[in-house]
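In what follows, a structure is listed as structure tokens, so that the remarks can point back to it.
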Amino acid sequence: MFEPKYSISNRLLANIKRIAEIITDLNSHSFSGIVLADLEKRARELSAFSSTSIEGNPLPLTDVKRIMKTRPEHIRDSEREVLNYNKALIELNGLIANQELTFDLALILKIQKTITEGLIEKHRSGQLRQEPVFVNNPKTRQAVYLPPEQAEAEALMENLLKFIRKSQNVIDPLILAGIFHKQFVIIHPFIDGNGRTARLASKVLLAKMGLNTFNLFSFENYYNKNVSRYFEEVGLIGNYYDIKNKIDFTAWLEYFTDGIIDELLRVSKELERENISPQNELKAYHQKVISHIKKHGYISDRDYAKLTKRAKPTRSLDFRKLIELGLIEKLGKGKATYYKLKSS
């Protein structure tokens, strides 16, 4: 049975408390649908760029944004890596939103298959490795770590997943996700795509356990700021069988939670800046609509006409803006049309 060694250091405890504070603050605010959709798109761009860049993809962020927007028909492997990662993000976010996700080996195999599609041989895509691998130093390209033998990969993964399931109501979700991330890299269950799969699966695990900003933040961005530090923290040096009983996760968990704080603060600043932009600012007449609905449960155009001197075409634009911002929804037809607060 997998039993990781770690301690709740003062730094780790402080990080966990800080993350809870930031998330509570984020959840206390209401952000428009337009703002959230735009931030989600930017987070996917940043994640696809950062996670592939960590593995050596040379494309700059500007090219990544262009490729994700235009989706060219004839693409190079570097471009396919980006599109595959973005596809995985979209699919996983959909599963999370619809609560159709089971965190198991099948999901992890599917993630690896999606990100490696068209990049490696089909019999290696979506399959645990059937051969030995070596982990190289990203700078020197020399082997620095020998992972477990391929015959043990499946059992080690099942033990890791069993530990996650057993500990979900006992250990803090941030600690669990961090342990999963590092142990996954230690096992190195695939011939290719281990880092990208580890980062995606860790984000899914956080979202499934309550960190609902999955689609808005990119902790891959934090790792990409200092790739050498990331590899130093998440990786090991030596032969797995010589060091497996000496592995301590504490330093990595501190670094892992540092990254989440860094990215959540970035998201908070972006949300604050976007939410007060002219395109999203609510005027006094918009606030009258919201207040009326909160008091009476709904509002019709006739009701709104009594609250303001704005002309009918302008009132229609006001309703449309509130709909686009994700604050209200339109119900009924014709003269029976009315508006209610949008269900969450």
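General remarks:
- Largest mean-square fluctuation among Leu176, Leu107, Leu317, in a Gaussian network model of the chain whose springs join Cα atoms under 10 Å apart, belongs to Leu317.
- Applying the criteria of a DSSP loop state and at most 13 other Cβ atoms within 10 Å to the trypsin sites (Lys or Arg not before Pro) of segment 100-176 yields Lys139, Arg141.
- Only the Cβ atoms of Lys and Arg (+1) and of Asp and Glu (-1) were treated as charged; on that basis the dipole of the chain about its Cα centre amounts to roughly 2100 debye.
- Computed over the chain with a Gaussian network model linking Cα atoms closer than 10 Å, the most mobile of Glu121, Glu270, Glu91 is Glu121.
- Cα-based shape type of segment 284-341, given that a ≥ b ≥ c are square roots of the gyration tensor eigenvalues and the cut on a/c is 1.5: rounded
- Of Lys139/Lys182; Lys65/Lys321; Lys182/Lys203; Lys41/Lys225; Lys162/Lys244; Lys87/Lys113, those spanning more than 22 Å from alpha-carbon to alpha-carbon: Lys65/Lys321
- Taking the chain as a Gaussian network of alpha-carbon nodes connected by springs under 10 Å, the highest mean-square fluctuation of the residues Arg320, Arg266, Arg196 belongs to Arg320.
- Only helices enter this figure: runs of n ≥ 4 DSSP H residues, each worth -39500 (n - 2.57), summed and divided by the residues of the chain, yield -19000 deg cm²/dmol at 222 nm to the nearest 500.
- The orientation-averaged projected area of the convex hull spanned by the Cα atoms of segment 3-121 comes to 11.0 nm².
- Cα gyration tensor category, rounded, prolate or oblate, for segment 10-275 with a/c compared to 1.5: oblate
- Phe217 long-range amide H proximity, modeled H, under 5 Å: none
- Overall, the anisotropy analysis places segment 133-223 in the oblate class: the square-rooted eigenvalues a ≥ b ≥ c of its C-alpha gyration tensor yield a/c not less than 1.5, with a/b not exceeding b/c.
- Reachable aspartates and glutamates from Lys110, criterion Cα separation under 18 angstrom, eight or more residues apart if same chain: Glu81, Glu91, Glu100, Glu121, Glu154, Glu158, Asp192
- The loop-placed chymotrypsin sites (Phe, Trp or Tyr not before Pro) in segment 167-272, going by DSSP, include none that has at most 13 neighbouring Cβ atoms within 10 Å of its Cβ.
Throughout, read-outs are computed from the coordinates displayed, never taken from laboratory work. Remember, it's a predicted structure, so these values are computed and weren't measured experimentally. For neighbour counting, all protein chains shown are included, and Cβ atoms are generated from backbone atoms with ideal geometry for every residue, glycine included.
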